[in-house]
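The values are calculated or read from the model by the stated rules, or taken from the named source; none is laboratory data. This structure is a prediction, so every number in the text was calculated from the model and none was measured. Using ideal geometry, Cβ is built from the backbone for each residue, glycine included, and neighbour counts are taken over all protein chains shown.
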Amino acid sequence: MNFLKKNRDKILALLVLITILQLTAACEDDPIIPQEEHFKAIGMVFYTSGIETARIEKGITDDTLFVKAGKLSEHYNIKFISEDGKIVPPPTDGKKLAWEFDDTSVASVWQHEGEEGSFEFHLKGLKEGETNIEFFIMHHDHHDYRSGKIPVKVIK
Amino acid sequence: MQKKFHLALWKNGIIAFSIIFISSLAAQNEGVNFSGYIYDIETNEPIVNAAIQILDLNRYEVANLEGKFIFKKIPTGKHKIRITHLAYKEGLFDCTCHNDSTHRVFFLTPKSIKISTITVTEHNSQSKFDNLRELSNVLKGKELQKDLGITLASTLKNETGIAMRTMGPAPARPIIRGLGSDRVLMSEDGMKTTDMSGTSPDHAVTIEPFTIDRIEVIRGPKVLLQTPTTIGGVVNVIRNEIPEELHNSVNGFAGAYGETVNRGFLGGTAADIPINSFAVRAELSSRKTDDINTPIGILKNSYSKNINMELGTSYIGNFGFAGASFRRFDLDYGVPGGFVGAHPHGVNITMKRYQINLKTRINIHGKKLQHIKAHLSRVYYRHKEFEGDGALGAEFEITNYLGNVNFDFSNILFPSTGILGISFEARNFNVGGFVFTPPSTSLNTAVYLFETFTLGNFSFEVAGRYNYDKIRPAYNKPDASIGNIRKRIFNTYSFSLSTLYSVTKHVNIGINVNKSSRVPTIEELYSEGPHLAAYSYEIGNPDLKDESGTGIELFIYHKFNNIYFNINLFRNNLEYYIFHRNTGVIDGSTLLMIYKAAGEPALFYGTEVQFEWKFYRNFSFEISTSYTNGSLSETGKPLPQIPPLKGIVGFNYSDDILTLGITGEWAATQNRVDEFEKPTAGYFVFNAFGQYSISYLNFIHTVSLSLDNILNTEYRNHLSRVKSIMPEAGTNLRLTYKLYFH
């Protein structure tokens, strides 16, 4: 008892120090997830029945996608142009295709049931006119890649 | 040729004369005059009839109507001074009397309006430079409580020479004279704050301002005690989380803060508890804010919430003190989105910082060596960025070991006081998720020397610092698209000299010359791709050199009775200024322009003016302005993110218990913009405030009520990244209540 009384201050300090150290214990047990790969593409190529029908590279294109009003276009498959200029297949690690029309009353995109977000689609002509479409490869909530605007023409 | 010879002769002559002049003043004298002034720390008013006692000589004097005292024939060397007054807390100071007359200014804290505990950050005596810093670069007491915001940067934004860069309310950081990122060092009780706020505009500072005792903005030679970047500065917050003095009783505060513009609320408390020879300090605060209201709508995803806690203890005795502390800071906040330079849907960031500190001061009180101080820290910092759908987009982890050992000395070669020190920082930086900067380790070691001395009417501060930096990425990548990613080693040095001349008793003029250096950050060297939250395509450059430059500053200050003014002119010439330069190349994946880190010559110059005039009894008028011009030296083109001409004008009434004021906060239009930067219109915003303090028994209640942007003016901060979608906050009622107990 005498020992405790005599060394009360030191014991208290030791307890505070132990508390301080304990507060830090197990606070850092949260491993960091590995860095993810970015799908690096600089362009898109559109194929119908295996034949290239349009392409866009670094946001620049001379091509137009056509569809008749009230009808579905032919089936489009998409491949991508890598940074070294090669044609590469689309990503398969959960990334999805997304798009945006300037004017959603002119045309829309249609995909087979169960294939939403895949890299195949049909255009659907809503009314005669012209608009632009931009495609994205979505990784969660942001896009790894954006194509730039591609002209879309809906004809009779 | 002859002209060059004369120039060399003139330069060498000046150097020789200076050496002879300084040496001749080194002769020892028996007995010198020791005089000075005693002022109220809150009001800067003289304290009449304060009793000044030199304890070791058992001599005392009384301050006159101007707060002035004088002792004659005091032996040179170190003395302990005690100053007492019925209405003020006792002050204990160390003072060194040099061979010539010694003049000091002391500040006492009022007992009846106790805003903060006495904080002594240095055990050196106050010099004229300390006086100037106290007047112009320190935020404390009632002024600190009045200006308190949700972040450190918002608390400081109206200080002269300081602006605030933001990307929403939470990720705000101070900018000093147009310079930001790690050119402005954040520190707590003199130890560098480890976080990522200096690397990107969406990263927040991990400091809660409510529990701070005082904030110092350090410029000049003293900067080199902590960083080699003399042209920026240090923002040092003081809490004394490891107690260094033993109080007679438990003291501290409990308080709350609320504001209407974001339905924000904070509760906090801190206490210092003496237990025999031990002092224990504990601190706890919690803050929550919603999205902020602006005059044109709500800024979505601008919420924040944080928890801040600290526990420290110290054993204090005649030998000095030795102590330890632990601090934890957790912060969750939103970064708005949907504008150029931002993630399309905004980002939510969560961060935490755990820090252990060990600190000691050993009192030597020898003829040359006064103290040995050591401070060690271990910091664990973790930061995660979540996209709108909740997926983890990026994460960062830093484990950092820092430390320094300082030797406080005096009269080594000639009458002076100074600090000789060494420091180190060993950092492990890990990244994960969608980030394209390689994990890296870095090591920094430094040695520095700071001295202060007087020669007649001249006061000098001089400092030098040598830095060794090694930065090693986790992998070498010689064929990376940005260049050869490999280990880098930097050897840099910095220097700063300030002199102050007393033209009269109340007017001082001064000059500072300095050579600055800064090592590039890991992101500036190695980043290979887009940054998610800031949504910018900024890439690094592994071949960057260290940033270096020279600066000069002229200043004049006057402090007498009813008038105080301070004028600064500065010019910083950076031979190699690192910033992200537009490459003219568009990234094929994101169609964003690529900005690559580059070093170019740049010039910063400007002026700061502060003026206060007590024109009638308790009524005063104050005005301050700051101006910075930043350009690329070769082309004269403006640099980005330079604050406009700005300032404050205000009228105040202040007595012992009540302070009322109305201020106008203004900025000119900023048209000097970078190629892809938009101009920002000027503005004038009215604010008002009131503060009331009452004391009863051992409690002091202080209440501050502020009404910001009274007219709900729509205005934009040029350094705000969200200005394109939203202006600054609308009308805001802020209430701060603190109960001090002792």
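The rows are residues; the columns are (1) of a type outside the set (D, E, K, R); (2) under 26 Å from residue B:669 (Cα atoms).
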{"position": "B:525", "(1), (2)": "yes, no"}
{"position": "B:554", "(1), (2)": "yes, no"}
{"position": "B:559", "(1), (2)": "no, no"}
{"position": "B:577", "(1), (2)": "yes, yes"}
{"position": "B:613", "(1), (2)": "yes, no"}
{"position": "B:624", "(1), (2)": "yes, yes"}
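Looking across A:97, A:65, one residue alone is closer than 15 Å to residue A:153 by Cα and away from chain B (no Cβ under 14 Å). It is A:65. A count restricted to the stretch B:668-726 and to residues that are of a type in the set (Lys, Arg) and more than 24 Å from residue B:171 (Cα to Cα) stands at 1.
Taken over the stretch B:273-290, residues that are buried (at least 17 other Cβ atoms within 10 Å of the Cβ), of a type in the set (Gly, Ala, Ser) and more than 26 Å from the chain's Cα centre (by Cα) amount to 1. Could you say whether any residue in the stretch A:29-52 is in a helix (DSSP H, G or I), modelled with pLDDT under 90, within 30 Å of residue B:313 (Cβ to Cβ) and within 14 Å of chain B (Cβ to nearest Cβ)? Within the stretch A:29-52, none of the residues are in a helix (DSSP H, G or I), modelled with pLDDT under 90, within 30 Å of residue B:313 (Cβ to Cβ) and within 14 Å of chain B (Cβ to nearest Cβ). When you scan the stretch B:239-254, do you find a residue that is assigned by TED's automatic domain parsing to the domain that holds residue B:708, within 22 Å of residue B:315 (Cβ to Cβ), surrounded by fewer than 20 Cβ atoms within 10 Å (Cβ to Cβ) and of a type in the set (Asp, Glu), even just one? For the stretch B:239-254, residues assigned by TED's automatic domain parsing to the domain that holds residue B:708, within 22 Å of residue B:315 (Cβ to Cβ), surrounded by fewer than 20 Cβ atoms within 10 Å (Cβ to Cβ) and of a type in the set (Asp, Glu): present. Residue pairs whose Cβ atoms lie under 8 Å apart, sitting 6 or more positions apart in sequence or on different chains, and linking a residue in the stretch B:145-162 that is more than 15 Å from residue B:647 (Cβ to Cβ) to a partner that is aromatic (Phe, Trp, Tyr) and modelled with pLDDT of 90 or more, are B:146/B:689; B:148/B:210; B:148/B:257.
Give the residue, chosen from B:117, B:84, B:121, that is modelled with pLDDT of 85 or more, out of contact with any Phe, Trp or Tyr (no Cβ under 7 Å at 6 or more places or on another chain) and more than 23 Å from residue B:456 (Cβ to Cβ).
B:84
Selection of strands (runs of 3 or more DSSP E) fully inside the stretch B:551-666 by the criterion of at least 3 residues being buried (at least 16 other Cβ atoms within 10 Å of the Cβ) and of a type in the set (Ser, Thr, Tyr) returns B:563-586, B:593-616, B:619-632. Pairing residues of the stretch B:391-405 that are within 8 Å of chain A (Cβ to nearest Cβ) with residues that are in a loop (DSSP other than H, G, I, E, B) and not aliphatic (A, V, I, L, M), at Cβ distances under 7 Å and at least 6 apart in sequence or on separate chains, gives B:391/A:140; B:391/A:141; B:393/A:140; B:393/B:387; B:393/B:434. Residue B:324 - would you say it is within 9 Å of another protein chain (Cβ to nearest Cβ), closer than 21 Å to residue B:191 by Cβ, touching a residue at least 24 places away in the same chain (Cβ under 8 Å) and out of contact with any Asp or Glu (no Cβ under 9 Å at 6 or more places or on another chain)? Here the answer is yes, as residue B:324 does meet what is asked. Being in contact with a Ser or Thr (Cβ under 8 Å, 6 or more places away or on another chain), hydrophobic (A, V, I, L, M, F, W, C) and in a loop (DSSP other than H, G, I, E, B), is that true of even one residue in the stretch B:688-699? No, the stretch B:688-699 contains no residue that is in contact with a Ser or Thr (Cβ under 8 Å, 6 or more places away or on another chain), hydrophobic (A, V, I, L, M, F, W, C) and in a loop (DSSP other than H, G, I, E, B). Within the stretch B:256-267, the set of residues being surrounded by fewer than 21 Cβ atoms within 10 Å (Cβ to Cβ) and in a strand (DSSP E or B) comprises B:256, B:258, B:265, B:267. For residue B:398, the conditions (1) farther than 25 Å from residue B:329 by Cβ; (2) surrounded by fewer than 21 Cβ atoms within 10 Å (Cβ to Cβ) are fulfilled apart from (1).
For (1) touching a residue at least 40 places away in the same chain (Cβ under 8 Å); (2) in contact with a Lys or Arg (Cβ under 7 Å, 6 or more places away or on another chain); (3) more than 14 Å from chain A (Cβ to nearest Cβ), each residue gets a yes or a no:
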{"residue": "B:421", "(1), (2), (3)": "yes, no, yes"}
{"residue": "B:425", "(1), (2), (3)": "yes, no, yes"}
{"residue": "B:451", "(1), (2), (3)": "no, no, yes"}
{"residue": "B:459", "(1), (2), (3)": "yes, yes, yes"}
{"residue": "B:462", "(1), (2), (3)": "yes, no, yes"}
{"residue": "B:472", "(1), (2), (3)": "no, yes, yes"}
{"residue": "B:484", "(1), (2), (3)": "yes, no, yes"}
{"residue": "B:523", "(1), (2), (3)": "yes, no, yes"}
{"residue": "B:528", "(1), (2), (3)": "yes, no, no"}
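Scanning the stretch B:288-343 for residues that are part of a loop (DSSP other than H, G, I, E, B) and among the β-branched types (Val, Ile, Thr) yields B:296, B:340. Please determine whether any residue of the stretch A:69-90 is touching an Asp or Glu at 6+ places or on another chain (Cβ under 9 Å), under 15 Å from residue A:155 (Cβ atoms) and either modelled with pLDDT of 95 or more or surrounded by fewer than 18 Cβ atoms within 10 Å (Cβ to Cβ) (or both). Yes; the residues of the stretch A:69-90 include at least one that is touching an Asp or Glu at 6+ places or on another chain (Cβ under 9 Å), under 15 Å from residue A:155 (Cβ atoms) and either modelled with pLDDT of 95 or more or surrounded by fewer than 18 Cβ atoms within 10 Å (Cβ to Cβ) (or both). Of all residues in the stretch B:48-85, exactly one satisfies the criterion of being touching a residue at least 24 places away in the same chain (Cβ under 8 Å), over 24 Å from residue B:562 (Cβ atoms), outside any strand (DSSP E or B) and of a type in the set (A, V, I, L, M), namely B:55.
Within the stretch B:684-742, take every residue that is without any contact (Cβ under 8 Å) to a residue 60 or more places away in the chain and basic (Lys, Arg) and give me the one that is nearest to residue B:251 (Cα to Cα). Result: B:716.
Kindly check whether there is at least one residue in the stretch B:438-446 that is out of contact with any helix residue (DSSP H, G or I) (no Cβ under 6 Å at 6 or more places or on another chain), assigned to a loop (DSSP other than H, G, I, E, B) and under 21 Å from residue B:383 (Cα atoms). Yes: the stretch B:438-446 contains one or more residues that are out of contact with any helix residue (DSSP H, G or I) (no Cβ under 6 Å at 6 or more places or on another chain), assigned to a loop (DSSP other than H, G, I, E, B) and under 21 Å from residue B:383 (Cα atoms). A single entry from B:230, B:206 fulfils the requirement of being modelled with pLDDT of 95 or more and either of a type in the set (Ser, Thr, Tyr) or farther than 23 Å from residue B:437 by Cα (or both): B:206. Kindly indicate whether any position in the stretch B:512-519 is among the hydroxyl-bearing types (Ser, Thr, Tyr) and farther than 30 Å from residue B:166 by Cα. No.
The rows are residues; the columns are (1) within 14 Å of chain B (Cβ to nearest Cβ); (2) of a type outside the set (Ser, Thr, Tyr); (3) in contact with a strand residue (DSSP E or B) (Cβ under 7 Å, 6 or more places away or on another chain).
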residue	(1), (2), (3)
A:86	yes, yes, no
A:101	no, yes, yes
A:108	no, no, yes
A:143	yes, yes, yes
A:152	no, yes, yes
A:156	no, yes, yes
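Among the listed residues B:487, B:515, which satisfies the condition of being among the charged types (D, E, K, R) and surrounded by fewer than 17 Cβ atoms within 10 Å (Cβ to Cβ)?
Of the residues listed, the single one that is among the charged types (D, E, K, R) and surrounded by fewer than 17 Cβ atoms within 10 Å (Cβ to Cβ) is B:487.
Among the conditions (1) under 17 Å from the mean Cα position of the chain (by Cα); (2) within 13 Å of chain B (Cβ to nearest Cβ); (3) crowded, with 16+ Cβ neighbours inside 10 Å, the only one that residue A:133 does not satisfy is (2).
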